[in-house]
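Inspection log for the structure reproduced underneath, given as structure tokens.
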């Protein structure tokens, strides 16, 4: 199934934060942090947002922002342009 | 009975999420997830929303968005255009 | 007494939902659902809303929307145009 | 003392709902309903609101809307134009 | 000390409601009502508000509206123009 | 350290209210009132706010308005122009 | 990893407040105050915000404003221009 975001929305695959502490302990699910970054999967039809990001870009957003959607078992997020705080060069 | 949504509203028949776990267990009603997708039944008279979706299209929306209405025993939803997050190609 | 709604407001007589279950049991008052449909009684002076609905039309609205007013013993509702979600053909 | 409402405000004398039940029992104060109608006493200087209502007209408003003011022992209300839902012909 | 309200604000000296009941009993402080009227002390520089009221006028406002300021031991209030509901002729 | 407020903001040094009662009793900290006046320290670059107040002026604001910042041990406040209710001539 | 703030946003490295009391006692983490200042790391593409601040500038903001992001182990903040209250010359 393929989702096409509407207007200035962006479909993002969240990048889960590290699930190990620096000393190598694997964190249980409840202690995991919410993701704040994601890889852009699809961009809406709005021209401005298309200039801002392309599929493959990494974007930064506030925890819990956007709407979580399940697509073929993966948890993606649909964000509005105004929820994109920064782009990241890894 | 036939409903005709007003302005930029869209009448949608929600697609219920899977009610079986991957291992085949049938989920009880209380454990069911809220639908996030639906098939468009009728589109309002607004030109922009008519360009965006047509009857039969599948749209994505946030859980609990829109207004639930019962039509001839079926639970449909009336959404505003701004509540449509994405369209889906199955 | 006759009420004339102001601007884009609409006076509606709610259509009470079925008070019997499919198997014929009469529901007590506390189990009744809130109405979501109503018959238009009077339309405000706003031109746009006059194009949208006429007295006698059936409209759909969210539960608890509008303001309940008692007119000669009947419970009517005054809705704003923005609270009209759809029109219904019975 | 005479009050002159400012801008699009309207000074209204509420019409108290019936304090007797249909069978003639006088209701105690705590069981009285909030008024939803009132007789216009004074209209603000705004031209639009002056076209809408005149002193002596009866208007409909939501319960608890407007600001209650005591004038020479009477409880009046000052409403904004947007709080006037309908006019009534008794 | 003299206060000059900014823009469309108005400095008002509240008129305390009667502290005696009609039968002459002096009300204790806790039973006193909040003032809803006041005498205008100073008017801001905004032209519209200067046309509306002058020092010495009596204005009506909702209970608890505006900001209470203590000036030389007196409790005055600074109101915005939009908080002035009516003017009063005593 | 010197702070330069941005846009129409104003840096103010609050004037603490009297900490003695009229009869000379020194009030404990918990009984002190929040300041409502302050001396302007710096004014933002916005032309309108520069016409309104200058460093050294005394301004009136609502209790708890603005943002408290600590500068070299002093507790100052940064207010927006809209939080300035009046100017004071002592 | 390098973050580039979007539009009028600013990436800031907070300056932690003193963690010692004037008498030299080291404060425990729970008693530490929230930072209110930060050094600008990156500025968004918006022209106005680029005139206002440059990387290296020190800005003042309200406690808890902006969004905390972790970049390579450091806790940075992304602020909107409207959250910048003042600039500081140390």
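The values are calculated or read from the model by the stated rules, or taken from the named source; none is laboratory data. Because the structure is predicted, anything quoted here is derived from the model rather than measured. Heads up, the Cβs are rebuilt from the backbone with ideal geometry, glycines too, and the neighbour counts pull from every protein chain shown.
Of everything in segment A:55-90 that's part of a strand (DSSP E or B) and at the interface with chain G (Cβ under 9 Å from one of its Cβ atoms), which residue is modelled with the lowest pLDDT?
First, pick out the residues of segment A:55-90 that are part of a strand (DSSP E or B): A:58-60, A:67-71, A:74-80, A:86-89.
Imposing the further condition that a residue be at the interface with chain G (Cβ under 9 Å from one of its Cβ atoms) reduces the set to A:58-60, A:86-89.
Numbers: A:58: 97, A:59: 97, A:60: 96, A:86: 97, A:87: 96, A:88: 95, A:89: 88.
So, considering only residues that are part of a strand (DSSP E or B) and at the interface with chain G (Cβ under 9 Å from one of its Cβ atoms), the one modelled with the lowest pLDDT is A:89.
Which of the residues spanning segment C:63-86 are farther than 14 Å from residue C:13 by Cα and in contact with a helix residue (DSSP H, G or I) (Cβ under 8 Å, 6 or more places away or on another chain)?
Matches in segment C:63-86: C:81 only.
Name the residues in segment E:24-53 that are loosely packed, with under 12 Cβ neighbours inside 10 Å and at pLDDT 90 or above, would you?
Those that are loosely packed, with under 12 Cβ neighbours inside 10 Å and at pLDDT 90 or above: E:47, E:48, E:51.
Take residue F:45 and tell me if it is at the interface with another protein chain (Cβ under 10 Å from one of its Cβ atoms), within 22 Å of residue G:58 (Cα to Cα) and either more than 11 Å from the chain's Cα centre (by Cα) or not in a loop (DSSP other than H, G, I, E, B) (or both). Step through it out loud before you land on a result.
On the way: at the interface with another protein chain (Cβ under 10 Å from one of its Cβ atoms): yes; within 22 Å of residue G:58 (Cα to Cα): yes; either more than 11 Å from the chain's Cα centre (by Cα) or not in a loop (DSSP other than H, G, I, E, B) (or both): yes.
So residue F:45 passes the test.
Among the residues of segment A:1-23, write down those that are modelled with pLDDT under 75 and closer than 23 Å to residue A:65 by Cβ.
First, the residues of segment A:1-23 that are modelled with pLDDT under 75: A:18-22.
Answer for segment A:1-23, where residues must be modelled with pLDDT under 75 and closer than 23 Å to residue A:65 by Cβ: A:18, A:19.
Of the residues that sit in segment D:64-73 and are more than 16 Å from residue C:67 (Cα to Cα) and within 12 Å of the chain's Cα centre (by Cα), which one is surrounded by the fewest Cβ atoms within 10 Å (Cβ to Cβ)? Talk me through it step by step, then tell me what you get.
Initially, segment D:64-73 is screened for residues more than 16 Å from residue C:67 (Cα to Cα), giving D:67-73.
Restricting the remaining residues to those that are within 12 Å of the chain's Cα centre (by Cα) gives D:67-69.
On the way: D:67: 18, D:68: 13, D:69: 21.
Looking at the filtered set, the residue picked out is D:68.
Return yes or no: is residue B:10 within 25 Å of residue A:44 (Cα to Cα), surrounded by fewer than 18 Cβ atoms within 10 Å (Cβ to Cβ), within 10 Å of the chain's Cα centre (by Cα) and in contact (Cβ under 8 Å) with a residue 40 or more places away in the chain?
Details: within 25 Å of residue A:44 (Cα to Cα): yes; surrounded by fewer than 18 Cβ atoms within 10 Å (Cβ to Cβ): no; within 10 Å of the chain's Cα centre (by Cα): yes; in contact (Cβ under 8 Å) with a residue 40 or more places away in the chain: yes.
No; evaluated as a whole, the condition is false for this residue.
Hey, any hits in segment A:48-59 for a residue that's within 16 Å of the chain's Cα centre (by Cα), in contact (Cβ under 8 Å) with a residue 40 or more places away in the chain and farther than 19 Å from residue G:1 by Cβ?
Yes: one or more hits.
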